[in-house]
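What follows is calculated from the coordinates using simple rules that are stated; it is not laboratory data. Values in this document were obtained by computation on a predicted structure and should not be read as measured data. Cβ atoms come from the backbone with ideal geometry, glycine included; neighbour counts cover every protein chain shown.
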């Protein structure tokens, strides 16, 4: 069966951000146009970040898909690892603050940064 790789930026039990991969099964459509079931969405935002942009550590306010439309986006974690996303790539940002926690920039969240010579253009698809 066909599947779509969903890269998930999540919050682990220890409160730290981590990446994991899970499949989205393509159970609908035809063999030539395999589709996932319709997934929920409430709206979207477009963002342009200039060359040199880098955020501080933060958590996603609520889960959302992030699609890279132009430029490159690096996501860095508290453990020092990072991952680079290029145009046409995506991830599901579910790195939210654990319930009842007070944000600690030494423990929680991730940072994002523009990389490469072009401005970063992203589409945030809200759940």
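Comparing 14, 95, 79 in a Gaussian network model of the chain where C-alpha atoms under 10 Å apart are linked, the largest mean-square fluctuation is found at 14. In terms of other Cβ atoms within 10 Å, 69, 9 run from fewest to most in the order 69, 9.
Length available on full extension from residue 21 to residue 34: 0.36 nm per residue minus the Cα-Cα distance, which gives 2.7 nm. Taking 43, 29, 88 in turn, the Gaussian network model of the chain (Cα-Cα springs below 10 Å) assigns the largest fluctuation to 29.
Please work out how much length the chain gains when fully extended from residue 127 to residue 83, using 0.36 nm per residue of separation minus the C-alpha to C-alpha distance, in nm with one decimal. Mind showing how you got there, number by number?
Numbers: separation 44, 0.36 × 44 = 15.84 nm, distance 2.29 nm.
Gain on extension, residue 127 to residue 83, equals 13.6 nm.
What is the distance in Å between the Cα centres of the stretch 66-127 and the stretch 1-53? So the two Cα centres are separated by 13 Å.
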